[in-house]
Amino acid sequence: VTPEQNNSNNGYGPDGLIAAPGKFNFLEIWAKFYDEKYNHHYCFPTFDEALKDNSGKFIRIEKNLFLHKEIYKKRIRMSIEPFLMDANERAKAINKKAYVLAEGIGLGVWKLTEQQSNLMLEVYAEVLLDHDCKHIADVNFSRIEGDPIHFQQHCEALKLEKKKIKFHFEEREPVQKLTGKDDGKLLVTSYAWDGNSYPGNEYWWGALSASGDPAAACCSNISELQNPEINPMVSGNNVWIA
């Protein structure tokens, strides 16, 4: 949330309907999706509204920059929720327990504040609480540099212990073999992927070590399996929803 972006002339706030009705109507679609209201109108806040807010849903990053905490959590939930549901269903299909290796989303060059890591951990806990994930045994936040104590407190507040899921903050490679007490579990790993690119992102430039995106492509088949130029089965007809 910034003063340059979040103002009525750009369609933000209830007054945006008068100042810029076209922009307001477009933003209203997304405001309804995120269930965001101000003065009984579906809309996103202006900077001034964020500045006056004392509910705690905005994180001040700089003098003229806020992060809308609630919208941020709803946005990343759209990626985390299907990932966990898919992991649970895949383990269920082969009568195994899943060991989930969770990668961060936008916690590299796109990160605005360190608090985003803790917010992401909160979303993982909330999704696991909201769904029947009895086939997920472990979740390892290998590359999410959040605060384990904050996460534990959030889990306790949610009473997540009844789910009997083990949480780890241990460094692991994405496809590192599970051994010891974890041997036999199904490893399910998330990976980074920029929205307007093929899986692997910089992988296709030959920059194999530029980030986690090409690293994931190098150690798996995602660059081909999820590439519509190579795999004709990538189509809307084959979408599977957990």
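Going by the structure shown, is A210 assigned to a strand (DSSP E or B), touching a helix residue (DSSP H, G or I) at 6+ places or on another chain (Cβ under 9 Å), within 26 Å of R75 (Cα to Cα) and free of Cβ contacts under 8 Å to residues at least 60 places away in the same chain?
Numbers: assigned to a strand (DSSP E or B): no; touching a helix residue (DSSP H, G or I) at 6+ places or on another chain (Cβ under 9 Å): yes; within 26 Å of R75 (Cα to Cα): yes; free of Cβ contacts under 8 Å to residues at least 60 places away in the same chain: yes.
Spelling it out, it is not the case that A210 is assigned to a strand (DSSP E or B), touching a helix residue (DSSP H, G or I) at 6+ places or on another chain (Cβ under 9 Å), within 26 Å of R75 (Cα to Cα) and free of Cβ contacts under 8 Å to residues at least 60 places away in the same chain.
Inside the stretch 107-131, can you point out the residues that are outside any helix (DSSP H, G or I), charged (D, E, K, R) and over 16 Å from P148 (Cβ atoms)?
Across the stretch 107-131, the qualifying residue is only K111.
Return a yes/no flag: does the stretch 45-67 have any residue that is among the basic types (K, R), under 21 Å from the mean Cα position of the chain (by Cα) and assigned to a loop (DSSP other than H, G, I, E, B).
To start, the set of residues in the stretch 45-67 that are among the basic types (K, R) comprises 52, 57, 60, 63.
Subset that is under 21 Å from the mean Cα position of the chain (by Cα): 57, 60.
Retained after the next criterion (residues that are assigned to a loop (DSSP other than H, G, I, E, B)): 57.
Yes; the residues of the stretch 45-67 include at least one that is among the basic types (K, R), under 21 Å from the mean Cα position of the chain (by Cα) and assigned to a loop (DSSP other than H, G, I, E, B).
For the stretch 134-153, how many residues meet the condition of being part of a helix (DSSP H, G or I) and either surrounded by fewer than 19 Cβ atoms within 10 Å (Cβ to Cβ) or among the β-branched types (V, I, T) (or both)?
Quick first cut of the stretch 134-153, residues part of a helix (DSSP H, G or I) only: 148-153.
In the following step, the residues that additionally are either surrounded by fewer than 19 Cβ atoms within 10 Å (Cβ to Cβ) or among the β-branched types (V, I, T) (or both) were identified as 148-150, 152-153.
Residues in the stretch 134-153 being part of a helix (DSSP H, G or I) and either surrounded by fewer than 19 Cβ atoms within 10 Å (Cβ to Cβ) or among the β-branched types (V, I, T) (or both): 5 in total.
Looking for whichever is surrounded by 10 or more Cβ atoms within 10 Å (Cβ to Cβ), without any contact (Cβ under 8 Å) to a residue 40 or more places away in the chain and not in a helix (DSSP H, G or I) here; the options are N227, N196. Which one fits? Working first, answer last.
Values: N196 fails: surrounded by 10 or more Cβ atoms within 10 Å (Cβ to Cβ).
The unique qualifying residue is N227.
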task = Working only within the stretch 15-44, note down all residues that are at pLDDT below 95 and assigned to a loop (DSSP other than H, G, I, E, B).
result = N39, H40
message = Being at pLDDT 95 or above and among the acidic types (D, E) is the filter here; which residues of the stretch 115-141 pass it?
response = E122, E126, D130, D138
ask   = Are there any pairs, at least 6 apart or on different chains, whose C-beta atoms fall under 9 Å, with the first in the stretch 143-165 and among the aromatic types (F, W, Y) and the second crowded, with 16+ Cβ neighbours inside 10 Å and part of a helix (DSSP H, G or I), and if so, which?
value = F151/N118; F151/L121; F151/E122; F151/Y124; F151/A125
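Go through the residues of the stretch 153-165 one by one and say whether even a single one is of a type in the set (K, R), in the same structural domain as E81 (by the TED database) and closer than 30 Å to N231 by Cα.
no
Could you tell me which of the residues Y191, Y99 is within 30 Å of A210 (Cβ to Cβ), in a loop (DSSP other than H, G, I, E, B) and of a type in the set (F, W, Y)?
Values: Y99 fails: in a loop (DSSP other than H, G, I, E, B).
Just one listed residue meets the conditions, Y191.
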ask   = What do you reckon, is V234 part of a loop (DSSP other than H, G, I, E, B), hydrophobic (A, V, I, L, M, F, W, C), in the same structural domain as L129 (by the TED database) and out of contact with any Lys or Arg (no Cβ under 7 Å at 6 or more places or on another chain)?
value = no
request  = Go through the residues of the stretch 169-185 one by one and say whether even a single one is outside any loop (DSSP other than H, G, I, E, B), of a type in the set (K, R) and either touching a residue at least 40 places away in the same chain (Cβ under 8 Å) or assigned by the TED database to the domain that holds I80 (or both).
outcome  = yes
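The values are calculated or read from the model by the stated rules, or taken from the named source; none is laboratory data. Just so you know, these numbers come straight off a predicted model, no measurement behind them. Note: ideal-geometry Cβ built from the backbone for every residue, glycine included; neighbour counts use all protein chains shown.
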